[in-house]
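Heads up: the structure comes next, in structure tokens.
The values are calculated or read from the model by the stated rules, or taken from the named source; none is laboratory data. Owing to the predicted nature of the structure, the values given are computational and were not obtained by experimental measurement. We place every Cβ from the backbone using ideal geometry, glycine too, and count neighbours over all the protein chains shown. Keep in mind that these areas ignore ligands, DNA and RNA; they rest on the heavy atoms of the full protein, side chains included. Shrake-Rupley method; radii C 1.70, N 1.55, O 1.52, S 1.80 Å.
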Amino acid sequence: MMGFRNLSVQKLLCAASVSVVALGFAQPSLAQQAAPQGQADAADNAVGDIIVTAQFREQRLQDTPIAITAVNAALMEQRSQTNLSDVVKQAPNVQLLPATAAFGPSISASIRGLGQGDFNPALEPGVGLYIDDVYYPRLTGANFDLMDVERVEILRGPQGTLTGRNSEGGAIKFVSRKPTGDGSGFVQATYGSRNRINLRAGADVKLTDTLFLRLSGAYADQDGYVKNINFACANPFGGLPVVQSGSSCVNDTHGDVGYRALRGILRFAPSDAVDLTISADYIKDVRNQGAEVLLYANNPSPAVAAATGVPFDSRFICGRFCNYATYQQSAGPFLGPVATGSPLVATKGDPRSRYEGWGVSGNLTVKLSEDINVTSISAYRQWRSRFTADGDLSPAQTGLGLNDLHHWFVSQELRMNVRLSDMINLTIGGYYSDERTTYWTMQDIRYAAIPLQFIGNDPVNTDSKALFGTIVVKPIEAMTITLGTRYTDEHKDYTFHRYNPDGVTLNPFLGALNGVTAVYDGTRFDYRASVDYRFSPEILAYATFATGFKGGGVGPRPFNAAQARGFNPETVKTYEVGLKTDLFDRRLRLNVAGFYNDFKDAQLTLLSCPQYGGPGPCALPQNAGNAKQKGFEAEFQANPVEGLSLDGSISYIKWKWDCVNPAVVGAASGPCSSAPSVINLLADPLEGWKWAFGAQYLIALGGNNGTITPRIDVTRQMTLPGGTLRSAVGSPSDVYGRTPGYTLANVRLTWQSADEDLTVGLEVTNLFDRYYFLNKFDLVGAGSGVISGQPGRPREWAVTIKKKF
């Protein structure tokens, strides 16, 4: 019934939005021809153009035959957006959320249901992330701050020929402001809830007539919203020795912010034929571990209770915005069905998550002639990420993980754009990247029948090479045909090291893995064909067939040498039709798209794999299923009357599994089966609606008093499924494992001076103080008896002052 009620609300809100727009346009004065391409707007209230570079060249958003959400800096500011995950809330069929605390300072990202949520470098993301055309290959550190950004482009659907590997769902492109030497700049300060302080500044400097510099920086600090409480202090009769921790028993808070960043961009333009941009950035993000709460606790293992003397149960469920995490486990005897004579050692982690990284890139464009230009993009980036995962968020000792990752990445892209004739444009190019991540970890797992402690120090190497080409043909003025292809050759190897906590002797259970290297090698051809037709200056229709893939990898969590093995890419073929329109004298922009995906070789985690090393625990990704997906997306922007601006989106997606390898559900292994008895054992796949609506009204105060602009944004997030397997009705995973959908409202009131150089904004996010979850982490199936969740931020307020010069 909840789903039907939500759907009814969605329909009513969408109908109301359409009615408002329609009423605004029901004026005879608006029934005029739209301005032709390239001419000035025919109406002062026309929706402005956004220039995108999705197809290797600058194009109007409305001329690009791809489903794209493009958001400029002004709209991000009006929506009170500060990072990439804020931006995608309004994008149809796009999910980008903070990952569970067990995965550190990373994100989960998907477009049209295809993506990745696991940070491990053995696995590849399914959404390509780009900073100024430079690929960012990992999910760690990927929730980019919107520091001095010009626009964000979100490309939906596989981009296998344009952006390459790991873009099966789509790609997100972050575009920075380039220096122009105009002497402009800004300073911005924010103060808000829980001692929130945000500082931003940027300046554009002309060094010489041909050399320009842009500098920008960001500082963010805020106390958290989930309290970390000393259990024994707050619960003197909870079964543990009482320990004082101050009058409030609060150790610290989670969900805090501690972000610093600097960026410099140097641009050299000695002539119209040469443009060189060199950029460098530095990021430091230090905060407490993720803001999680315990939702379910039940593990009667004697090894868990041995150290504390109490079982892991509901006594450790703290509340809506608190936990009892300790980030340590004490020493103790080995308790299990087999005595090894090796006692468990004490383990302790840092309650702070620490990410530090920097990168440098160079983008050189040389115009060889009026018809030929060459672009070279070179980049290097490195980072280090350290975090601790308290598996039970309590003094109980089910599991603790210490993690320290060192990463570097280098890439080179070279492409040539050629205008062969008035009808034909060609782009050809090549790409190379190499990366290494060294993943050190100390895992203390005590929920299993045989408790396990080990140290891993695993190097992971990944490299990729590609050749690509795109040809754009205009056989007639109104029609464009785009054909593209890309060849990719990729390699990954992962070498396992499994030591005892002393870091020297081999672990008795996992020592057979020591020195074992698992390898994946593969090649792939992707292709794309698109036809678009402009029926009038206001209407463009297109149809596209495209392929994409998420790269193959290696199972990162083997329990024996046979499980140290690779898996192949998962692939998708997409059929898409779309319509892009500028209507009512360009006061309404409405873009719609429908798609159908043929998804093959899904990378699913086998929970039982006796075919690889015999019976025993298993958490091995393999290509184990095929599915179909279909969906619909619509976006609009409207300026129906002077001063009023509306924008919104709505999307729907539905999955259907065609077949599943029975090994995924613990049955006998075999070929991909379409038997309902097998498919129905999988959890319900992604299905549902997502929508967003925003409205603002510019009010002139008269004289030199400037303007005020009230704005409201409402977003609806669909329900996200839980684990791989379908949970029994009423089971803990059924009750707690899914992430329910939610609706949030944000408001902002902005005053701007008459000279448009000073603004003061008051914002309130999560206006109705809705309690909701960003993600859930369910380890019941693994035997830990833990389900945790990360609640979203409660209602917050902030005041921002910005001065431009």
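How about residue 367: which lysines have a C-alpha closer than 16 Å to its C-alpha, ignoring those fewer than 8 places off in the same chain?
none
Order 635, 642, 150, most accessible first, counting only protein heavy atoms with a 1.4 angstrom probe.
Putting 635, 642, 150 in descending order of accessible area: 642, 150, 635.
At a Förster radius of 56 Å, what calculated FRET efficiency corresponds to the Cβ-Cβ distance of residue 63 and residue 317, to the nearest 0.05?
After rounding, the FRET efficiency stands at 0.55.
Consider a paramagnetic label point 7 Å from the Cα of residue 457 along Cα→Cβ; state which residues of the range 396-421 have an amide N under 16 Å from it.
Under cut-off, by backbone N: 402-407.
How many nm is it between the label spots at residue 208 and residue 474, if each spot is 7 Å from the Cα in line with the beta carbon?
Inter-label distance under the simple model: 3.9 nm.
Please arrange 315, 138, 194 by accessible surface area, largest first, computed with a 1.4 Å probe and ligands excluded.
The most accessible residue leads, giving 315, 194, 138.
How would 797, 689 rank on accessible area, largest to smallest, probe 1.4 Å?
Reading off the accessible areas and sorting them downward yields 797, 689.
Compute the length gained on full extension between residue 795 and residue 436: take 0.36 nm times their separation in residues and subtract their Cα-Cα distance, giving the result in nm to one decimal.
Values: separation 359, 0.36 × 359 = 129.24 nm, distance 4.07 nm.
Result: 125.2 nm gained on full extension.
Return the subset of 690/802; 173/465; 550/573; 206/284 for which the Cα-Cα distance in this structure is over 24 Å, preserving the input order.
Values: 690/802 33 Å; 173/465 21 Å; 550/573 12 Å; 206/284 28 Å.
Too far apart for the 24 Å limit: 690/802; 206/284.
Taking the inverse of the average 1/r across all pairs of different Cα atoms in the range 702-760, what Kirkwood radius in Å do you get?
When all Cα pairs of the range 702-760 are included, the Kirkwood radius is 15.4 Å.
Can you give me the P(r) profile for the range 125-198? Cα pairs, bins 5 angstrom wide beginning at 0, each as a whole percent.
Reading upward from the zero bin: 3, 13, 20, 17, 14, 12, 10, 8, 2, 0.
For residue 628, go through the aspartates and glutamates and keep the ones whose alpha-carbon is under 18 Å away, minus same-chain ones fewer than eight residues off.
168, 570, 576, 598, 601, 658, 684, 687
Which aspartates and glutamates, on any chain, are close to residue 804 with Cα under 16 Å apart, when same-chain ones fewer than 8 places away are left out?
Straight-line reach from residue 804, under 16 Å: 77, 148, 150, 182, 204, 755, 756, 757.
Over the range 330-475, what percent of the accessible surface lies on carbon and sulfur atoms, probe 1.4 Å?
C and S atoms contribute 61 percent here.
Would you give the gap between the C-alpha center of the range 256-270 and the C-alpha center of the range 742-776, rounded to a whole Å?
26 Å
With each pseudo-label sitting 7 Å past Cα toward Cβ, what's the residue 598-residue 221 distance in nm, one decimal?
5.7 nm
Which of the three applies to the range 595-721, rounded, prolate or oblate, going by the alpha-carbon gyration tensor with a ≥ b ≥ c and a/c under 1.5 meaning rounded?
prolate
With each run of n ≥ 4 DSSP H residues scored as -39500 (n - 2.57), what mean residue ellipticity at 222 nm is computed for the chain after dividing by its residue count and rounding to the nearest 500 deg cm²/dmol?
Estimated from H runs of four or more residues: -2000 deg cm²/dmol.
Round to the nearest 10 and give me the degree value, 0 to 90, for the angle of helix 2-25's Cα axis relative to the longest principal axis of the chain.
10 degrees
Enumerate the residues in the range 571-589 having an amide nitrogen under 18 Å from the point lying 7 Å beyond the Cα of residue 529 toward its Cβ.
In the range 571-589, the label zone of residue 529 (backbone N under 18 Å from the point 7 Å along Cα→Cβ) covers 572-578.
Mind ordering 87-95, 773-781 by average Cβ neighbours within 10 Å, highest first?
87-95, 773-781
What are the radius of gyration and Dmax of the range 122-162, computed over its Cα atoms and given in Å?
Every Cα atom of the range 122-162 included, Rg and Dmax give 11.3, 33 Å.
Considering Cα pairs under 8 angstrom that are at least six residues apart, work out the relative contact order of the chain and quote it in whole percent.
11 percent
With a cut-off of 8 Å between alpha carbons and a minimum separation of six or more residues, what is the relative contact order of the range 431-560 in percent? Can you show the working numbers first?
On the way: 277 pairs, mean separation 27.4, N = 130.
Once divided by the residue count of the range 431-560, the mean separation gives 21 percent.
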